[in-house]
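Student: Take this structure, written in structure tokens, and hold onto it; I'll ask about it next.
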2 protein chains.
Amino acid sequence: MFDSFKNAILSLIQTDQQELDQLISLCSFQKFRKNDFLSQPGKVPQEVFFISKGLLRVVVTDSKGVEHTIHFASENQFVADYSNFLLQQPAMYTLQALEPLEAVVMTRQAIDWGYQFMKEGDKFGRKVAEFYFVYQDNRVKNYYSRTPKERYELMESIFPQIHNRVPQHMIASYLGITPVHLSRLKKER
Amino acid sequence: MFDSFKNAILSLIQTDQQELDQLISLCSFQKFRKNDFLSQPGKVPQEVFFISKGLLRVVVTDSKGVEHTIHFASENQFVADYSNFLLQQPAMYTLQALEPLEAVVMTRQAIDWGYQFMKEGDKFGRKVAEFYFVYQDNRVKNYYSRTPKERYELMESIFPQIHNRVPQHMIASYLGITPVHLSRLKKER
DNA sequence: CCAAAGTCTAAACAAATGTTATCGTTTGGT
DNA sequence: ACCAAACGATAACATTTGTTTAGACTTTGG
């Protein structure tokens, strides 16, 4: 149940079975149905999810109530409203399962315990933060320097399978355009 | 010369004079004139800068040769092509001084030394990565959920002084619009 | 198995944003 | 102090992207 979670940790730091078991004893395992919400805006995030199976999207809702799908996350990825988890401020992101989903739930206590007591706890946190910084930095870079059409082609080359897993209007949203416009771009190509 | 650098570290972790002095012995101090480049695309970044005085911009150049100003950084901030520093890949960012600038230069060796030998080295790296993750996450969030006009007003409220320090075409670029359009938005307001 | 909801495409039109060119003004170098 | 370059505003026009609506097709749930 926690195997892929353990492997993810082991790929980033050196640890031992005892540390891992103690960490896992502070975590839980949770299943979600399609369309379920893992978390919603308003309350301060108290957990980070590690997806062992399934797919979800991260949504931000603007001041006019329009939803923007800004991330997809699937197997073997950590996901949360990590900014507001760190800042201990009310969440702004909605996390919604797009497929039946299974996730390890790391609570704030588990994470704090890891930083305090695991030999390479801080290194683990550093690696995760670095990984997601790089991810976000790429997003920013691409948003500035690529047209929607280029972003679409980039996404196609990186995620050839995503079309089969999520509706196109979410992909359009992810690309920062409307579904109608995405349809147009696909035709033009 | 290294005072603000020391304070920045002390605000994130606990350390002692000896650790700090050893770290600083691995760093250098460098001055740049206005318009000088701190780093340019192509070579693998080997340093992270800490700005003690002045202002710079971070630029990404797209496939058509168009420059996009994607960040400004000033006093008491760390700055680098951090993604490619971490990935050890050729830089994509240009760092250019917009004012006479003074910076502490942390080399890769200094940083690796810190992670290996400072008691809270990894924690420091974690805090920095977390800080910049939050910053980038905000950028992404705002880019998705705010119009250029809203981003302009947001920037005005956060950086009321930036107009006096950088030309408007760089601000327009930062907002993701053309200078002509920014001029229009300012008029409409 | 059917009805309802969701999905994709398409067309016509509207709004936002980009492009180019011009003109004063400011700035920087000598 | 002078001149060339950079800068910011503006207008006219072009292009991109959004909005609305409609229709065909698929999926879903009872």
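Student: Every residue in segment A:8-32 that is loosely packed, with under 11 Cβ neighbours inside 10 Å and part of a helix (DSSP H, G or I), please.
Tutor: A:Q17, A:Q18, A:S25 - these are the residues of segment A:8-32 that are loosely packed, with under 11 Cβ neighbours inside 10 Å and part of a helix (DSSP H, G or I).
Student: Follow-up. Checking B:E102 against (1) within 12 Å of DNA strand C (Cβ to nearest atom); (2) open to solvent by 30 Å² or more (accessible area, probe 1.4 Å); (3) not polar (S, T, N, Q): exactly one of these is not met. Which one?
Tutor: So the condition that B:E102 fails would be (1).
Student: Ok, one more. Give the residues of segment A:51-96 that are of a type in the set (S, T, Y) and in a strand (DSSP E or B), sorted by residue number.
Tutor: The answer is A:S52, A:T61, A:T69, A:S74, A:Y93, A:T94.
Student: Which numbered condition trips up A:L55, out of (1) closer than 27 Å to A:T178 by Cβ; (2) of a type in the set (A, V, I, L, M); (3) within 14 Å of chain B (Cβ to nearest Cβ)?
Tutor: Condition not satisfied by A:L55: (3).
Student: Would you call A:A129 open to solvent by less than 60 Å² (accessible area, probe 1.4 Å) and under 12 Å from B:Q136 (Cβ atoms)?
Tutor: Answer is yes for this residue.
Student: Please specify each residue of segment B:140-189 satisfying the condition of being surrounded by 12 or more Cβ atoms within 10 Å (Cβ to Cβ), within 13 Å of DNA strand C (Cβ to nearest atom) and within 22 Å of B:E99 (Cα to Cα).
Tutor: B:H163, B:R165, B:V166, B:P167, B:Q168, B:H169, B:I171, B:A172, B:S173, B:Y174, B:L175, B:P179
Student: Another question about this same structure. So, in segment B:33-60, of the ones that are within 16 Å of DNA strand D (Cβ to nearest atom), over 10 Å from the mean Cα position of the chain (by Cα) and surrounded by 14 or more Cβ atoms within 10 Å (Cβ to Cβ), which residue ends up nearest to B:V104 (Cα to Cα)?
Tutor: Step by step, filter segment B:33-60, then rank; the result is B:D36.
Student: Residue by residue through segment B:122-163, note down the ones that are more than 16 Å from A:G176 (Cα to Cα), within 12 Å of chain A (Cβ to nearest Cβ) and hydrophobic (A, V, I, L, M, F, W, C).
Tutor: B:F124, B:V128, B:A129, B:F131, B:F133, B:V134, B:L154
Student: A further question follows. Any residue in segment B:4-16 that's more than 10 Å from B:K127 (Cβ to Cβ): show its pairings with residues that are of a type in the set (A, V, I, L, M, F, W, C) at Cβ separation under 7 Å, as long as the two are six or more apart or on different chains.
Tutor: Pairs found: B:F5/B:F50; B:F5/B:V104; B:K6/B:L20; B:A8/B:F50; B:T15/B:I9; B:T15/B:M118.
Student: How many residues does segment A:132-189 contain that are part of a loop (DSSP other than H, G, I, E, B), within 14 Å of DNA strand D (Cβ to nearest atom) and aromatic (F, W, Y)?
Tutor: Residues flagged as part of a loop (DSSP other than H, G, I, E, B), within 14 Å of DNA strand D (Cβ to nearest atom) and aromatic (F, W, Y) within segment A:132-189 amount to 0.
Student: Another question, if that's okay. Given the residues B:P179, B:P160, which is the only one that is over 24 Å from B:A80 (Cβ atoms) and either modelled with pLDDT of 95 or more or small (G, A, S) (or both)?
Tutor: The conditions single out B:P179.
The values are calculated or read from the model by the stated rules, or taken from the named source; none is laboratory data. These numbers come from a predicted model, not from an experiment. Cβ: placed from backbone, ideal geometry, glycine included. Neighbour counts: every protein chain shown. What goes into the accessible areas is simple: the full protein's heavy atoms, side chains included, and nothing from ligands, DNA or RNA. Shrake-Rupley method; radii C 1.70, N 1.55, O 1.52, S 1.80 Å.
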